[in-house]
Amino acid sequence: MKTRASATKKFGILTAGGDCPGLNAAIRGVCRAAHDRYGMTVIGIANGYRGLIDEDARILRPEDFAGILTRGGTILGASREKPFRKEAGDDEVSGDKVKAIKENYRKLGLDCLVVLGGNGTNTTGYLLAQEGLNVIGLPKTIDNDIVGTDRTFGFHSALAIGTEAIDRLHSTAQSHSRVMVIELMGHKAGWLALYAGVAGGGDVILIPEIPFDINTIARHLEERIAGGKSFSIVVTAEGARSVEEEKMDKKERKKYREQFSSAGYRVAREIEKATGLEIRSTVLGYVQRGGIPSASDRVLATSLGTAAAELLARGEYGRMAALAGNGITSVDLSVPAGKVKPVPRDHYMIDTAMAVGTCLGI
Ligand code: F6P
């Protein structure tokens with residue numbers, strides 16, 4: 001097949017931050033389109049930005065990105081290396097890692113670097129672009145909290161896993177007339193807990209964007225019992241916090257939180273104290289990030305990946321491929337850089353949850 005003209009001849013690709021389902025689908029999307037349509041050479045960089053610092057890179061050939069569409073994790077490996085972060089004890093960023101990245105980028109002969117990651121990864125991508133590198137970003141995370149895209153890949157798969165877990169807790173909660181608390185990931189945002197909570201019919205949903213009042217939750221659970229419903233499901237985001245915690249200063253809050261291994265146990269203890277009901281907690285953890293991507297994430301990751309290849313071909317650097325409505329677009333890397341997208345208080349899903357009788361702790 002005759003390849004088309006391309007501004008980019010050779011690019012590096014890396015996956016940074018926490019992994020998620022759909023990363024391999026996105027790698028395949030970028031590499032297939034870039035290689036097959038445009039004849040670009042692909043350099044796979046191992047373990048996120050760490051591999052670029054250590055020059056841990058290899059040529060990816062078509063057989064390397066074949067058969068990976070449905071695989072979980074990332075064939076490239078990932079790390080939470082942040083080259084612009086200050087090391088513990090240092091007053092400022094040493095600059096050594098950034099220097100190494102710039103040197104290796106040149107040494108590898110890259111025309112561009114494609115970075116697949118969340119807020120941190122795209123922020124680093126933006127900063128590297130400021131340093132003169134050509135960078136293209138892709139939005140991945142189960143947290144769905146990247147500014148500039150309507151959705152991130154990984155979110156839909158984690159949502160399906162979270163929903164299935166809530167479904168399974170329902171039957172055991174009912175059998176034992178218990179309150180079941182389930183903690184979902186999401187970092188500082190409540191997207192995952194809110195969506196899985198609505199999909200799984202959670203009776204209470206707690207998200208970081210809405211500090212909860214334990215008395216409101218207690219009242220809601222007691223009213224359910226009075227109404228003949230002997231069990232309840234409480235879905236909490238890992239970042240959820242109470243109005244009481246909100247009033248504490250940082251030190252106080254840290255001390256209080258240290259008593260519990262995570263939000264799920266903290267919330268369970270508070271409900272138990274306020275109601276005397278029998279509570280059990282489940283922290284779903286990394287199960288949410290593992291395994292095969294959902295069909296929806298495969299489609300999104302493939303579309304965003306191939307869109308990134310088009311940006312490479314046109315030489316449109318410094319951008320992040322993004323979902324806007326039903327279409328794929330791109331935004332300047334400054335749009336997601338340094339930001340987190342919380343659930344807006346007026347988001348329709350908040351009203352949807354409340355309209356079906358779900359307590360949001362307010
Ligand atoms: O950003 C994805 C995520 O899974 C968050 O939901 C969670 O807070 C965090 O990563 C966990 O990070 P780590 O993999 O470093 O434990």
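Quick note: the coordinates plus some simple rules give every number you see, no bench work behind them. Computed from a predicted model, the values in this text were never measured in an experiment. Note: ideal-geometry Cβ built from the backbone for every residue, glycine included; neighbour counts use all protein chains shown.
Could you list L221, L108, L192, L360 so that the one with the fewest beta carbons within 10 Å of its beta carbon is first and the one with the most is last?
Ordered by Cβ neighbours within 10 Å, fewest first: L108, L360, L221, L192.
Using the Kirkwood radius over Cα pairs, work out the Stokes-Einstein diffusion coefficient for the stretch 159-289 at 37 °C and 0.692 mPa s, in µm²/s as a whole number. Intermediate values should be presented prior to the final figure.
Details: Rh = 14.6 Å.
For the chosen part, D equals 225 µm²/s.
Full extension of the chain segment joining E92 with V340 gains 86.9 nm, where the gain is 0.36 nm per residue of separation less the Cα-Cα distance.
With the simple spin-label model, which puts each label point 7 Å out from Cα in the Cβ direction, the A355 to E164 separation comes to 2.9 nm. Would you mind checking K140/K339; K254/K341; K86/K250; K188/K255; K10/K188; K107/K140 for any pair whose Cα atoms are more than 26 angstrom apart? The answer is K10/K188; K107/K140.
With the cut-off at under 20 Å, measuring from each backbone N in the stretch 342-357 to a point 7 Å along the Cα-to-Cβ line of A274 picks out 350-351, 353-357.
With a 10 Å Cβ neighbour count serving as the proxy for reagent exposure, in which order, fewest first, do S171, S294 appear?
Working: S171 10, S294 20.
In increasing order of surrounding Cβ atoms, one gets S171, S294.
The Kirkwood hydrodynamic radius of the chain, based on inverse pair distances between different Cα atoms, is 21.5 Å. In the elastic network of the chain, a GNM with C-alpha springs shorter than 10 Å, the most mobile of I225, I142, I13 is I225.
In this rough spin-label picture, where each label sits 7 Å from Cα along the Cβ direction, the N215-K9 distance is 7.1 nm. For the stretch 158-244, the set of trypsin sites (Lys or Arg not before Pro) satisfying both a DSSP loop assignment and a count of at most 14 other C-beta atoms within 10 Å is given as K229.
Dipole of the stretch 38-136, Cα-centred, from +1 at each Lys and Arg C-beta and -1 at each Asp and Glu C-beta, to the nearest 20 debye? Each step should come with its number before you reach the end.
On the way: 13 positive and 14 negative charges, 48 e Å.
Taking the Cα centre of the stretch 38-136 as origin, the dipole is about 220 debye.
Among L69, L194, sorting on how many other beta-carbon atoms sit within 10 Å of each Cβ, with the fewest leading, yields L69, L194. A full extension of the chain between E244 and E63 corresponds to an added length of 59.6 nm, given 0.36 nm per residue minus the alpha carbon distance. Extension gain for A226 to D36 (0.36 nm times residue separation, less C-alpha to C-alpha distance): 62.0 nm.
Calculated from DSSP H runs of 4 or more alone, at -39500 (n - 2.57) each and per residue, what is the 222 nm mean residue ellipticity of the chain, nearest 500? Before the final figure, lay out the partial values.
On the way: 12 runs with 138 residues, N = 362.
One gets -11500 deg cm²/dmol as the mean residue ellipticity at 222 nm.
Need one number: % antiparallel among DSSP beta bridges in the chain, to the nearest 5. Restricted to the chain, the bridges split so that about 25 percent are antiparallel. Which is farthest toward the positive dipole end of the chain among Q130, F65, S157, measuring Cα position about the Cα centre, with Cβ charges +1 (Lys, Arg) and -1 (Asp, Glu)? The Cα lying farthest towards the positive end belongs to F65.
Which of the GluC sites (Glu not before Pro) found in the stretch 244-331 are loop residues per DSSP with 12 or fewer other Cβ atoms within 10 Å of their Cβ? Each step should come with its number before you reach the end.
Working: sites: E244, E245, E246, E252, E258, E270, E272, E278, E310, E316; in loops: E258, E278, E316.
Filter output for the stretch 244-331: E258, E278.
When each full DSSP H helix of the chain is screened for a Cα extent of at least 20 Å along its own axis and an average Kyte-Doolittle hydropathy of at least 0.0, the helices passing are 295-314.
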